[in-house]
Amino acid sequence: MSSDEAYVTELEQLLSQAQHPKTVDLLRKALDKSKAAVVSPVAAVQAVRAKPKVDKPSTYYIPIDSYGWDQSSKFVKIYISSIPGIDGLSDDNVTTTFTEKSFVLQIINSNGKGYSLEINHLLKAIVPDLSSVKVKNDMVILNLSKKSQEKWTHLTTQDKKLTDAKDPKSKYNPDKDPNEGIMDLMKKMYNEGDDDMKRTIAKAWTESQEKRAKGLDGF
C-alpha cells in the first residue's frame, strides 16, 4: 500500500469516529481530495488500455514497369535500376515475398516513396527458399532460383502466349514432322492470301504431290 492510500485509510477511520459536525465536514473534504489524488494500479492499466490507437498511414506503392532480366543455368535474375532515389539503399528499404510461380518486391527509396514489382505466373517454377534479393549502390537484383535447370524463353506464361499469338513460328515443336510444320504454314498463307497467293500455293502443292508420287521429296 502506498503512503497516499494509507493516508486515505487513516482519514476514513478518523471520519468514522468523529462526532462534531465541523470535524466531520473537514475530514470528509480531506478524504474526497485525497481519494481523487490516488489512482489504483488497476485503474492506471485500464486508462492505458483505453487510450485510442493511432494507425500509421499505409504506404502507397508505385508500380515498377521498367526492369530487365537474364538467366544462368540455376537462376533467373531481375534487374531494377530505373526508380528515383534508388542510390544508397540498405537492406531495410527492401522486402520480398517469393512463391513457386510469383514474387513481390517492395522498395522504399531515399525520399520515403514506395515502389513495388509484382510478377505472377512465372514461366517455370522457382524455389522460394533459395531465392533472394541483393541491394547494390544503384541497383536491386532479384535472384530467382530455378526449380529445374531448363532455359526460360520468357519470364511469364503471359509473355509467351503474347509472343505465340504474334509469331506462329514460335509454336514450332522439334518433335513434329518438318513437312507437317510446312503444311501448316502453307495452309495459313492460303487462307489469308489473295487470289494470286492462293494460285501460287495451289500450284506448289500440286507439284509437291507429283514429286511424292514419283518417289521424290516434296516441299
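The values are calculated or read from the model by the stated rules, or taken from the named source; none is laboratory data. Note that this is a predicted model, so its numbers are computed, not measured. No Cβ is skipped: glycine too gets one built from the backbone with ideal geometry, and neighbour counts run over all protein chains shown. Quick note on the areas: whole protein, heavy atoms, side chains included, nothing else; ligands and nucleic acids left out. Shrake-Rupley method; radii C 1.70, N 1.55, O 1.52, S 1.80 Å.
Listing for the model above:
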item: Long pairs among Lys101/Lys160; Lys101/Lys147; Lys124/Lys160; Lys101/Lys151; Lys74/Lys161; Lys77/Lys146, criterion Cα-Cα beyond 18 Å; result: Lys74/Lys161
item: Local electrostatic count, Ser72, Cβ distance below 11 Å [Lys/Arg +1, Asp/Glu -1]; result: +3
item: Area accessible to solvent at Ser90, 1.4 Å probe radius, in Å²; result: 50
item: Contour excess over end-to-end distance, with Cα ends at Asp65 and Ile141 and 0.36 nm allotted per residue; result: 25.9 nm
